Amino acid sequence: MTITRTQLRNAVINATTLGNNRDASTLRDMAQSLKRWGKFTPRQADFAKVLIERNSDEKVEATEGADEAHKLQWENPEYREWILFLARFFSKSRQTAYIEHIKNRRLACNFILTCNIGGSCPPWKHCERLLTSKLSARLRVIYDNPPIYPLGELVSIRRSEMTHWAIQQGHDKQMGFITEIEPTEVDTVATYNKTKGGTKTYQIMFPSGSVTLRENQIKLVSRKNHNKE
């Protein structure tokens, strides 16, 4: 396949439209190289072919169709709130196990949140980046499941969530009342457990003060243990 400068220039336009800025820059350099040297090596030609196919007119048409469908869906509160939940997670999370993955989506989530504040529909390409994240499936389960503990319930912190020092200080015996459900946005992803729940948050008033903890960090105080106290 002979690569022409016209093909490369068209691919630059498509890459820009698709948001593939790195591809667009590479294609520009390749177009200049072709103008200077008159032809590509076989390896360069193969690479150019891959970039042209990745930024084809068909890909642009497909993206435009997806963008229109997304704009219609944005009017659906269920669809919109799920994407906003993801955006808030990626904007706030500092979870070290996935920090690079999260950082790579920070621009998209901030764009989505800004558009929402302004009352406009964010572009599909930014929403798609969050929806296709490797974390989205687990976050969806957390999002779909309601909090498992009611307001006013008596709870304690799980020993597995405490340091050895805290246990020595007797903090594992401390009990507190739930004073607020979901005081903060979810900023941690974990596999949902039917017994422990997920990572939605609770404000809990302990004798030592009020703290915010994740659902899977706390447990109910049994009536038997409560009566002993």
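Against the list (1) over 27 Å from LEU113 (Cβ atoms); (2) out of contact with any Asp or Glu (no Cβ under 8 Å at 6 or more places or on another chain); (3) without any contact (Cβ under 8 Å) to a residue 40 or more places away in the chain; (4) surrounded by 14 or more Cβ atoms within 10 Å (Cβ to Cβ), the condition ILE181 fails is (1).
You will find that of ALA166, ALA190, the residue that is in a helix (DSSP H, G or I), surrounded by 13 or more Cβ atoms within 10 Å (Cβ to Cβ) and not assigned by TED's automatic domain parsing to the domain that holds ARG140 is ALA166 and no other. Just wondering, is there one or more residues in region 132-141 that are assigned to a loop (DSSP other than H, G, I, E, B), out of contact with any Ser or Thr (no Cβ under 9 Å at 6 or more places or on another chain) and more than 30 Å from ASN104 (Cα to Cα)? Checked region 132-141: no residue is assigned to a loop (DSSP other than H, G, I, E, B), out of contact with any Ser or Thr (no Cβ under 9 Å at 6 or more places or on another chain) and more than 30 Å from ASN104 (Cα to Cα).
Which helices (runs of 4 or more DSSP H) sit wholly inside region 1-80 and have at least 1 residues that are touching an Asp or Glu at 6+ places or on another chain (Cβ under 7 Å) and not assigned by TED's automatic domain parsing to the domain that holds ARG129? Full working, then the answer.
On the way: elements: 5-18, 21-37, 42-54, 57-73.
Once the helices (runs of 4 or more DSSP H) in region 1-80 are filtered for at least 1 residues that are touching an Asp or Glu at 6+ places or on another chain (Cβ under 7 Å) and not assigned by TED's automatic domain parsing to the domain that holds ARG129, what remains is 5-18, 42-54.
Look through region 212-229, keep the residues that are β-branched (Val, Ile, Thr) and either in a helix (DSSP H, G or I) or modelled with pLDDT of 95 or more (or both), and return whichever of them is surrounded by the most Cβ atoms within 10 Å (Cβ to Cβ). Ranking the candidates gives ILE218 first. Take the conditions (1) surrounded by 16 or more Cβ atoms within 10 Å (Cβ to Cβ); (2) touching a Gly at 6+ places or on another chain (Cβ under 7 Å); ASN145 misses just one of them, which is (1). Among the conditions (1) closer than 27 Å to THR184 by Cβ; (2) of a type in the set (D, E, K, R); (3) over 28 Å from the mean Cα position of the chain (by Cα), the only one that ARG9 does not satisfy is (1).
Within region 93-111, does at least one residue satisfy the condition of being among the polar types (S, T, N, Q), closer than 27 Å to LYS134 by Cβ, part of a helix (DSSP H, G or I) and in contact with a Cys (Cβ under 6 Å, 6 or more places away or on another chain)?
no
Scanning region 116-124 for residues that are assigned to a helix (DSSP H, G or I), in contact with a helix residue (DSSP H, G or I) (Cβ under 9 Å, 6 or more places away or on another chain), surrounded by 18 or more Cβ atoms within 10 Å (Cβ to Cβ) and not basic (Lys, Arg) turns up at least one hit.
This table checks each residue for (1) exposed (fewer than 11 other Cβ atoms within 10 Å of the Cβ); (2) without any contact (Cβ under 8 Å) to a residue 60 or more places away in the chain.
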site: ARG28; (1), (2): no, yes
site: SER33; (1), (2): no, yes
site: PHE40; (1), (2): no, yes
site: GLN44; (1), (2): no, yes
site: LEU51; (1), (2): no, yes
site: SER56; (1), (2): no, yes
site: GLY65; (1), (2): no, yes
site: PRO77; (1), (2): yes, yes
site: ARG94; (1), (2): yes, no
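Can you tell which of GLU128, GLU185 is under 30 Å from GLU68 (Cα atoms) and part of a loop (DSSP other than H, G, I, E, B)?
Numbers: GLU128 fails: part of a loop (DSSP other than H, G, I, E, B).
Checking each option against the conditions leaves just GLU185.
The values are calculated or read from the model by the stated rules, or taken from the named source; none is laboratory data. Just so it is clear, the structure is predicted and the values come from calculations on it, not from any experiment. Don't worry about glycine lacking a Cβ; one is built from the backbone with ideal geometry, like all the others, and counts go over all protein chains shown.
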